[in-house]
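Q: I have a structure I would like to understand better, so I am pasting it below and will then ask my questions one at a time.
Derivation of every value follows stated rules applied to the coordinates shown; laboratory data play no part. Computed from a prediction, not measured in an experiment: that's the story for all the values here. Here the Cβ is made from the backbone with ideal geometry for all residues, glycine too, and neighbour counts use every protein chain on show.
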Amino acid sequence: MIVFRKSRKALVTGAGAADGIGVAIARALAEAGVSVTITASSARVEQRAAELRGEGLDVSAFAADLTLSGDVDRLRSETGEIDVLVNNAGMGTVAQPALQRRFLDLTESDWDRGIDVSLKTAFLSTRGFLAGMVQRGHGRVVNMASVTGPYVSNEGEAAYSAAKAGMIGLTHALALEVGRSGVTVNAVAPGWIATGASTPEELVAARNTPLGRAGSSEEVAAAVLFLASDGASYVNGAVLVVDGGNILQERKA
């Protein structure tokens with residue numbers, strides 16, 4: 001079990017779904033002794049925090065639209081300084097689910113929304129909290145990328161693919177800028193992960209991975225927990241793929 005050597009505070013974005021990756025990350029961090037704040041765009045994030053507190057974990061919640069700088073500023077004021085930022089927000093929200101639309105059918109607003117929810121949220125959140133980490137000489141930023149975009153893609157996911165590829169570029173650039181300040185910036189790139197949002201087609205695709213199954217939110221959270229830990233102090237600018245080896249296959253029967 002990973003244990004943090006000092007008392008740490010973390011913020012996990014995109015933690016509104018009970019069976020989602022964000023909640024699994026928050027649980028893993030809190031179980032390791034980290035004080036965690038979770039955020040999502042709807043008030044259901046308060047319910048997630050209450051459920052985690054019911055497990056005896058130190059978790060609080062703050063509802064915010066992270067595509068808006070004003071909401072991020074209020075979140076920053078509410079939470080104060082943090083040691084770990086997990087930029088997990090992305091895909092879509094309850095009010096605006098992720099869009100599946102071929103490129104020639106995309107409107108400008110479709111494109112903007114796809115980039116905003118999966119990349120601008122990370123930009124604004126990181127801008128809000130990174131300076132404090134640099135000033136204190138310690139911090140961990142973990143960006144939730146995807147194999148979709150940096151390594152593979154699907155029809156109808158041009159905006160999402162561009163945003164997640166951009167997440168890797170952001171990770172690399174920031175890792176160079178703040179590494180000497182004691183802050184590391186890394187990314188996790190999940191493949192087929194079973195959540196409540198998984199479609200039947202996605203679950204079928206997951207059975208064709210080398211491991212023959214979808215991954216779990218907890219398996220993604222384990223990767224994030226390592227990168228967020230004090231022990232990962234010499235891992236910087238890395239992309240940790242969590243896909244059961246699926247991108248290694250040229251043939252996916």
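Q: Which residues does a label at T199 reach in the stretch 155-188, if reach means a backbone N under 20 Å from a point 7 Å past the Cα toward the Cβ?
A: From the stretch 155-188, the list is 155-165.
Q: For the chain, what is the calculated [θ] at 222 nm in deg cm²/dmol (nearest 500), taking -39500 (n - 2.57) for each run of four or more DSSP H residues and dividing by its residue count?
A: Numbers: 8 runs with 97 residues, N = 253.
Calculated from helices alone, the mean residue ellipticity at 222 nm is -12000 deg cm²/dmol.
Q: While we're here: Show me, for the stretch 137-143, the HN-Hα J-couplings you get by feeding each phi into the Karplus relation (A = 6.51, B = -1.76, C = 1.60, θ = phi - 60°), rounded to Hz, glycine and proline as x.
A: Once rounded to whole Hz, the list reads x, 7, x, 9, 10, 10, 9.
Q: Further, regarding this structure: Using the number of other C-beta atoms within 10 angstrom as an exposure proxy, rank L240, L174 with the fewest first.
A: Numbers: L240 18, L174 21.
Exposure proxy ranking, most exposed first: L240, L174.
Q: Pop out the ³J(HN,Hα) list for the stretch 25-41 in order, Karplus 6.51 cos²θ - 1.76 cosθ + 1.60 with θ = phi - 60°, rounded to Hz; leave Gly and Pro as x.
A: 5, 4, 4, 4, 5, 5, 5, 8, x, 8, 7, 10, 10, 10, 9, 7, 7
Q: Angle, helix 69-79 long axis vs. longest principal axis of the chain, Cα atoms, 0 to 90°, nearest 10?
A: Orientation of helix 69-79: about 50 degrees from the principal axis.
Q: To make sure I understand the rule: partners must be lysines, Cα under 26 Å from the Cα of K252, and not fewer than 8 residues away in the same chain. Which ones qualify?
A: K164
Q: If you line up the long axis of helix 121-136 against the longest principal axis of the chain, both from Cα atoms, how many degrees apart are they, to the nearest 10?
A: Result, in degrees: 30.
Q: Follow-up question, since we're still on this one. Counting other beta carbons within 10 Å of each Cβ, put W111, W192 in order, fewest first.
A: Exposure proxy ranking, most exposed first: W111, W192.
Q: Continuing with this model, one more query. Pairs of Cα atoms under 8 Å, at least six residues apart: use those to get the relative contact order of the chain, whole percent. Could you put the intermediate results ahead of the total?
A: Numbers: 507 pairs, mean separation 48.2, N = 253.
Computed over the chain, the figure is 19 percent.
Q: Between helix 158-178 and the chain, what is the angle of the helix's C-alpha long axis to the longest principal axis, kept within 0 to 90° and rounded to the nearest 10?
A: It is inclined by approximately 30 degrees.
Q: Oh, and also: Of L85, V134, L211, whose Cα points farthest to the positive end of the dipole of the chain (charges on the beta-carbon: +1 Lys, Arg; -1 Asp, Glu; origin at the Cα centre)?
A: V134
Q: DSSP loop GluC sites (Glu not before Pro) in the stretch 180-250 with at most 11 other Cβ atoms within 10 Å of their Cβ, which ones? Provide the component values of the computation, followed by the final result.
A: Values: sites: E201, E202, E218, E219, E250; in loops: E250.
Sites meeting the loop and neighbour criteria: E250.
Q: Round to the nearest 0.05 the FRET efficiency obtained for R136 and D19 when R0 = 22 Å and r is the Cβ-Cβ distance.
A: Numbers: r = 34 Å, r/R0 = 1.56.
Efficiency, from the Cβ-Cβ distance: 0.05.
Q: Please rank Y151, Y234, Y160, fewest neighbouring Cβ atoms within 10 Å first, as an exposure proxy. Before the final figure, lay out each step's value.
A: Values: Y151 19, Y234 7, Y160 25.
Neighbour counts put them in this order, fewest first: Y234, Y151, Y160.
Q: For the stretch 9-248, with only Lys/Arg (+1) and Asp/Glu (-1) charged at the beta-carbon, what is the dipole magnitude about the Cα centre, in debye rounded to 20? Working shown, then result.
A: Details: 18 positive and 26 negative charges, 72 e Å.
Here the stretch 9-248 has a charge dipole of around 340 debye.
Q: Identify the GluC sites (Glu not before Pro) of the stretch 1-96 meeting these criteria: DSSP loop state and at most 15 other C-beta atoms within 10 Å of the C-beta.
A: Details: sites: E31, E46, E51, E55, E78, E81; in loops: E55, E81.
Taking the stretch 1-96 and a limit of 15 other Cβ atoms within 10 Å, the loop GluC sites (Glu not before Pro) found are E55, E81.
Q: At most 10 other Cβ atoms within 10 Å and a DSSP loop assignment: could you name the trypsin sites (Lys or Arg not before Pro) in the stretch 1-33 that fit?
A: Listed in order of number, the matching sites are R5, K6.
Q: Mind listing the phi-derived Karplus ³J(HN,Hα) values for the stretch 60-65, rounded to whole Hz, using 6.51, -1.76 and 1.60 with θ = phi - 60°, and x for any glycine or proline?
A: Couplings: 10, 9, 8, 7, 7, 8 Hz.
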